[in-house]
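Nothing in this text is a laboratory measurement; each read-out follows from the coordinates by a stated rule. Everything quoted here is computed from the prediction, not taken from an experiment. Every residue, glycine among them, receives a Cβ derived from its backbone with ideal geometry; neighbour counts consider all protein chains shown.
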Amino acid sequence: MTTSGTQRLARWLVTLAPAAIPDAVQRVGVRCLVDTLGVMLAGAATHSAALARRVMLDTAAPGDAAVAGSPRRLAAPAAAFANGVAAHALDFDDNCYAGFVHGSAVIVPAALAVAQARHADGALLLTALVAGAECQYRVGMALGRTLYDRGWWTTGVLGSIGACAAASRLIGLDADATARALGLAIAGTGGMKSVFGTDAKPLSAGRTAENGVLAALLAEQGAGGPLDALEHEYGLAALCNNGEFDAGWLADEPGRWCLLSPGVDVKRIPVCLSSHAAVDGVLALVARHGLALEQIADIACDVPPVVVANLIYPRPVTAQQAQFSLPFAVAASLLYGELTLEHLDDDLLDDPDLQRLMARVTLCSSSRWDDPGLLSTAPEGAVVMVALHNGTTLDTFVAKAMGSADRPLDNRALEGKFLRCAVNALAPAQAEQLLFSLWRLPALPDVYELNLVARTPKECG
């Protein structure tokens with residue numbers, strides 16, 4: 001009898017022993033948790049997160065799972081939804097090229113909600129986070145780039161796999177129930193890139209986290225999903241990926257950890273990752289040559305086709321659109337010294353200096369990106385050319401941005417990002433205490449105690 005993809009994943013997941021997870025993988029898992037909770041706390045103050053939270057607080061059952069921005073706790077599916085929206089609302093969360101996904105913004109809210117609802121310890125939460133990420137990313141590798149290039153928003157399509165896998169491990173489902181849960185999650189998944197620059201994008205991330213949790217809870221009660229949801233003639237690969245699926249990625253190969261390779265990219269600035277390499281290139285040229293903004297005539301960025309497809313707003317009119325605008329990312333970074341959350345402001349887009357600088361920035365995709373080898377080493381890279389008024393042209397190439405798995409932020413930089421984000425919802429001392437607890441995650445006896453709201457309750461919206 002042939003073993004399906006969900007069955008293979010389920011058997012690996014339930015037999016994964018915490019001691020079998022290498023220290024390097026555990027460190028990545030903890031860093032993903034730190035980064036995601038930070039951006040979740042900052043994102044809780046956004047309009048889309050406030051809407052999601054309001055609906056959940058009005059309609060969902062109470063429970064033990066914390067909700068960023070509210071003193072009330074909810075049942076796990078509702079908390080996963082609300083926190084998933086908050087985690088992705090600012091587009092400041094991590095990415096992984098295994099599927100071109102925002103992995104942690106979906107997996108972390110789902111896992112944290114179930115862990116708190118079940119009063120799990122930190123070691124189990126960390127194991128579930130690693131297991132969920134690996135299951136999702138291995139399916140992403142099996143599918144390749146076609147899914148993303150066809151216009152599917154892979155976070156919405158694949159995120160439920162990671163959320164469900166993590167939730168299933170925390171609940172303690174056996175291999176049979178886990179496979180059924182994954183089938184349920186995959187059968188109900190979906191996402192399209194038309195959501196970019198709208199509330200639908202973070203809301204979809206939240207629904208994806210919720211879907212994964214619900215699938216695991218339903219399987220615990222005996223519900224069944226299609227075990228061949230990946231390979232079926234009307235399954236995920238056939239319908240969404242042109243039939244392409246390399247099942248070898250689902251094998252339990254010793255030493256294979258997607259959290260290490262391709263790894264996870266942590267964002268340095270709060271805009272779409274597709275813009276980061278170009279921003280780094282422009283800043284490097286300006287610093288290297290001591291340029292003043294008045295000297296710059298034009299900035300041209302030659303980028304892969306996927307970057308052009310993602311950065312669809314050359315002249316954004318809202319902060320959400322600005323997150324998918326290369327002219328904004330470059331111009332704001334140059335004009336303000338560093339692009340921060342404070343610059344994601346609709347009113348700021350009317351700044352005449354910003355508008356003039358954005359007008360000097362263009363992007364295109366040349367034939368150089370027809371080279372598969374270049375795309376492999378620089379999937380969202382950039383060749384940047386800065387033309388000066390005196391006729392001089394300067395250029396540089398950036399394969400991957402600062403913060404990528406190949407050029408990771410050190411722990412101090414990650415801590416700085418966390419604290420700058422977390423103080424949007426917590427007092428500084430509380431943010432410091434939460435950070436301390438997260439770094440020692442495996443030693444926590446009950447993650448229910450992780451505090452996501454200020455001691456003096458105050459709703460974010």
Measure of compaction for the range 273-398 (Cα Rg per 2.2 N^0.38 Å): 1.01
Neighbouring Cβ atoms within 10 Å as the yardstick, rank 410, 280, 176, 246 fewest first. 410, 246, 176, 280
Angle, helix 76-88 long axis vs. longest principal axis of the chain, Cα atoms, 0 to 90°, nearest 10? 10
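Just want the ordering: 315, 53, from fewest to most Cβ atoms lying within 10 Å of their own Cβ.
315, 53
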Karplus 3J(HN,Hα) series, Hz, for the range 245-261 with 6.51 cos²θ - 1.76 cosθ + 1.60 (x for Gly, Pro): 6, 9, 5, x, 5, 8, 6, 7, 8, x, x, 8, 9, 5, 5, 9, 8
Give me the percent relative contact order of the range 273-398, please, defined on Cα pairs under 8 angstrom at least 6 residues apart. 40
For the chain, what is the mean residue ellipticity at 222 nm derived from helices alone (per DSSP H run of n ≥ 4: -39500 (n - 2.57); sum divided by total residues; nearest 500 deg cm²/dmol)? -15500 deg cm²/dmol
What angle, in degrees between 0 and 90 and rounded to the nearest 10, separates the Cα long axis of helix 23-43 from the longest principal axis of the Cα atoms of the chain? 70
Taking Cα atoms, how many degrees apart are the long axis of helix 104-117 and the longest axis of the chain, rounded to 10 and kept between 0 and 90? 30
Summed side-chain charge close to residue 165 - residues other than residue 165 whose Cβ falls under 13 Å, Lys, Arg +1, Asp, Glu -1: +4
Take 40, 385, 192 and order them by how many other Cβ atoms sit within 10 Å, fewest up front. 192, 385, 40
So what is the relative contact order for the chain, in percent, with contacts set as C-alpha pairs under 8 Å and at least six apart? 22
In the calculated pair distance distribution of the range 236-310, what percentage of Cα-Cα distances lie above 20 Å? 61
What number comes out for the charge environment of residue 214, summing +1 per Lys or Arg and -1 per Asp or Glu over other residues with Cβ under 12 Å away? -1
Using the Karplus curve 6.51 cos²θ - 1.76 cosθ + 1.60 with θ = phi - 60°, what ³J(HN,Hα) values do you get for each residue of the range 223-239, in whole Hz, with x for Gly and Pro? 5, x, x, x, 5, 9, 4, 7, 9, 4, 4, 10, x, 4, 5, 5, 7
Amide H neighbours of residue 298 at under 5 Å, excluding residues fewer than 5 places away on the same chain, with H built from the backbone geometry, are 387
If you average the sequence gap of Cα pairs under 8 Å that are 6 or more apart and divide by the length of the range 218-340, what percent do you get for the contact order? 20
